[in-house]
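The values are calculated or read from the model by the stated rules, or taken from the named source; none is laboratory data. Since this is a predicted model, take the numbers as computed values, not measurements. Glycine gets a Cβ as well: all are built from the backbone with ideal geometry, and neighbour counts include every protein chain shown. Side chains are part of the model used for accessible areas, which takes the heavy atoms of the whole protein and leaves out ligands, DNA and RNA. Shrake-Rupley method; radii C 1.70, N 1.55, O 1.52, S 1.80 Å.
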Amino acid sequence: MIESMIALWESLPVIVQILVKIVVIVVPLMIAVAYYTWLERRVIGAMQVRIGPNRVGFFGFKLQGLGQPIADAMKLMFKEIVIPTRANPFLFVIAPMLTLGPALAAWAVFPFDENLVLADINAGLLYILALTSLAVYGVIIAGWSSNSKYAFLGAMRSAAQIVSYEIAMGFALVGVLVAAGSLNLGDIVQAQAGSAVHWFWLPLFPLFMVYMIAGVAETNRAPFDVAEGESEIVAGFHVEYSGMTFAAFFLAEYANMILISALTALMFWGGWLSPFEGTFFQQYFEWVPGIVWLLAKTFVFMVLLLWFRATFPRYRYDQIMRLGWKVFIPITIVWILVVGLAVVYEMPWWFD
Amino acid sequence: MSVEKFLFYVFAAMLIFASVMVITRRNPVHSVLFLVLAFFNAAALWMLAEAEFLAIALVLVYVGAVMVLFLFVVMMLDIDLSEMRAGFMKYLPLGIGISAVMVVELLMVVGPAYFGLDKYAAPAAKAADYSNTEALGTLLYTEYLYPFEIAAVILLVAIIAAISLTLRKRPETKYQDPSKQVTVKKEHRLRVIKMEAEE
């Protein structure tokens, strides 16, 4: 049975195999995105002593509102897409796709386990950096093509913010690649093998903090959500969007949040490595597949992002710029030097 | 025709199409977006030549940062295109003359006499585990260390020069010092005074 299925799989053309693998990654990702929105509303509701959506369920059962994301998606799909007068229709429609495309394409090089990766390329880290830097185009083009003042203001804010935080984020990743000695994401995880204190969160702690905060800023999430700033500029760059075009922006934002969480888990918290490695408990957890650890770590950072949103007030714009340029970039440059020295002199525990 | 050759012609044709659109579009924002497309196709061509580091760096630096700033500036400009095109016919002969001279010069320098396939044979394809990043890094930090470092210093000088030329000191502007803001105490802001109640 299993042999015949493997034979069937190998008889497929390579392009079909790749397409099947893409579907296997994207479908669970889309479901995760849908339920991440549900989780966000429930978690923030609980933090603010409210209930959140708990009505829509399946077949007459409420199930804590688990049907809510499906109902929302259906509603958005059947809504009309309004294109404003004197907007640029082509760019207006293509902008949400330009935001969603890179958010999904970045997963191509993401290793879910030792051998579970779609494209195991040498320059994986660079590829991820390049693709996450493309997301800003969707925002800028959306803001410009809407022919609306609020949308344009949101796009301008977002462009300046994303370009500023990309530098700090890039430098944080330079520290990771110096420590790991490789641009391949799989090799970066292997370099952290040993035990939970061998993971890069300890030697690269300042870079981990910078990466996490810059990640929040890159995804335009609270407390850095001035691009949307509903109390100031209505909804920012997507104020003119409705129906499925609006949903695409929404999907991209949550897909990017999951990506940032997963990358944090991968580069600073040992990816698929077991947290019990090298301790007494290791033998009891041998049977757990690596992907479970990776997903558990990712989930922690996903909830952390929601926690940020429920806790912090929105940053003022000049303070966002000050934080990015005058605080984060000096921290990362100094810490790259420290990591470089540690690698050259083969500091014990991590780099020997 | 092999797949690589087919892809090469596809990307090359797209690159030329995008470049032509950059200089013919009336709307400057469209021109910038076509320039982005041109960079993408150039990156794809480098990828075909097994230079994956250069290809991804082109997307990261030019598409991800430089073109975003271009777009930022171009969107805020209110360019009157009819005024810009007014002298087009007048300067056309001169423009064609200059471009003809440039094309002839280019052909003389990089023409088939010096860069033909007989002078430089196509390099053999590298193995799958060949790392372009490592090869570039090794060359840059050994053989070309001085040119690389000197170029970096020149760029640094250029940055400092540009900032110092454009930096305006405006004494009337009020700045905030966040470190003072966060260390502020109740006593700095509020003074409780005791006074007799008036009749």
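In the range A:131-194, which helices (runs of 4 or more DSSP H) lie fully inside it and hold 2 or more residues that are within 22 Å of B:Tyr130 (Cα to Cα)?
A:149-180, A:185-190
Restricting attention to the range B:77-88, does a residue exist that is closer than 27 Å to A:Val136 by Cβ and either within 13 Å of chain A (Cβ to nearest Cβ) or open to solvent by 70 Å² or more (accessible area, probe 1.4 Å) (or both)?
Looking for residues that are closer than 27 Å to A:Val136 by Cβ and either within 13 Å of chain A (Cβ to nearest Cβ) or open to solvent by 70 Å² or more (accessible area, probe 1.4 Å) (or both), one finds at least one in the range B:77-88, hence yes.
Please determine, by comparing only the residues of the range A:100-132 that are within 14 Å of chain B (Cβ to nearest Cβ) and more than 18 Å from A:Leu183 (Cβ to Cβ), which one is surrounded by the fewest Cβ atoms within 10 Å (Cβ to Cβ).
A:Gly101
Rundown of residues vs (1) among the aromatic types (Phe, Trp, Tyr); (2) closer than 27 Å to A:Ala222 by Cβ; (3) open to solvent by 40 Å² or more (accessible area, probe 1.4 Å); (4) in contact with a Gly (Cβ under 9 Å, 6 or more places away or on another chain), yes/no style:
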| position | (1), (2), (3), (4) |
| --- | --- |
| A:Thr37 | no, yes, no, no |
| A:Gly52 | no, yes, no, yes |
| A:Arg55 | no, yes, yes, yes |
| A:Pro96 | no, yes, no, yes |
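Just one of B:Glu149, B:Glu143, B:Glu198 is closer than 30 Å to B:Ala51 by Cα and not in a helix (DSSP H, G or I); which is it?
Result: B:Glu143 is the single residue among B:Glu149, B:Glu143, B:Glu198 that is closer than 30 Å to B:Ala51 by Cα and not in a helix (DSSP H, G or I).
What number of residues within the range B:159-178 are farther than 16 Å from A:Met321 by Cβ and in a helix (DSSP H, G or I)?
7
Looking at the range A:133-149, which of the residues that are over 22 Å from B:Leu35 (Cβ atoms) and not small (Gly, Ala, Ser) is least open to solvent (accessible area, probe 1.4 Å)?
If we take residues in the range A:133-149 being over 22 Å from B:Leu35 (Cβ atoms) and not small (Gly, Ala, Ser), then A:Asn147 is least open to solvent (accessible area, probe 1.4 Å).
Being surrounded by 24 or more Cβ atoms within 10 Å (Cβ to Cβ) and of a type outside the set (Lys, Arg) narrows it down to one residue among A:Ala235, A:Ala252; which is it?
A:Ala252
So if I check each of B:Ala51, B:Ala12, B:Ala18, B:Ala43, which one is at the interface with chain A (Cβ under 10 Å from one of its Cβ atoms), small (Gly, Ala, Ser) and open to solvent by less than 30 Å² (accessible area, probe 1.4 Å)?
Within the list B:Ala51, B:Ala12, B:Ala18, B:Ala43, the selection yields B:Ala43.
What are the pairs with Cβ atoms under 6 angstrom where one residue, in the range A:2-25, is under 17 Å from A:Val117 (Cβ atoms) and the other, located anywhere, is at pLDDT below 85? Sequence gap at least six, or different chains.
Listed pairs, sorted by first residue: A:Lys21/A:Leu118.
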